[in-house]
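Okay, structure first, notes after.
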């Protein structure tokens, strides 16, 4: 029997939206335990960039973040509210890889009070105080982007925080927006 040849998986373009409520809450969902990617972890609304996203406008990542947020939460956010926050590329050895852009947007009181949609993407979908969200079971990418969002709310540095991996270690760089 021949040993299988390992080949790295090309990362798929993806986008996530970190939606911040006027009461310093963040919208997060818990992935189902049987999910192929990030099982049982708390994440932001988001997902893969689809072909339809490229047809919507010049920024397919923003389009994907908005589309995925609508599909997963029922909340429609104006594209003008989205600000770039970060980028993360999952590690090379991962069998499922993403090159994800993270955006931050502020939800007004009407959005915060709107009922949330329920679907198979999340077992729970909640507005959580930022400090409480940080204590949930999170992937390292989610931890870093949540910390970056919290810092940005308090006047922290701008730019786009980029997270990559080398030798199993997280590498962070800050690039201009």
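Just so you know, all these numbers are worked out from the coordinates, no wet-lab data involved. These figures come from a predicted structure and were not determined experimentally.
What the table shows:
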| item | result |
| --- | --- |
| Span from the the stretch 105-177 Cα centroid across to the the stretch 1-69 one, whole angstrom | 12 Å |
| Helix 140-153 axis, angle to the chain major axis (alpha carbon atoms, nearest 10°) | 30 degrees |
| Nearest-ten-degree value, helix 60-73 long axis tilted from longest Cα axis of the chain | 70 degrees |
| The chain: antiparallel DSSP beta bridges as a percent of all, rounded to 5 | 70 percent |
| Estimated D of the chain in µm² per second, where Rh is the Kirkwood radius over Cα pairs and Stokes-Einstein applies at 20 °C, 1.002 mPa s | 128 µm²/s |
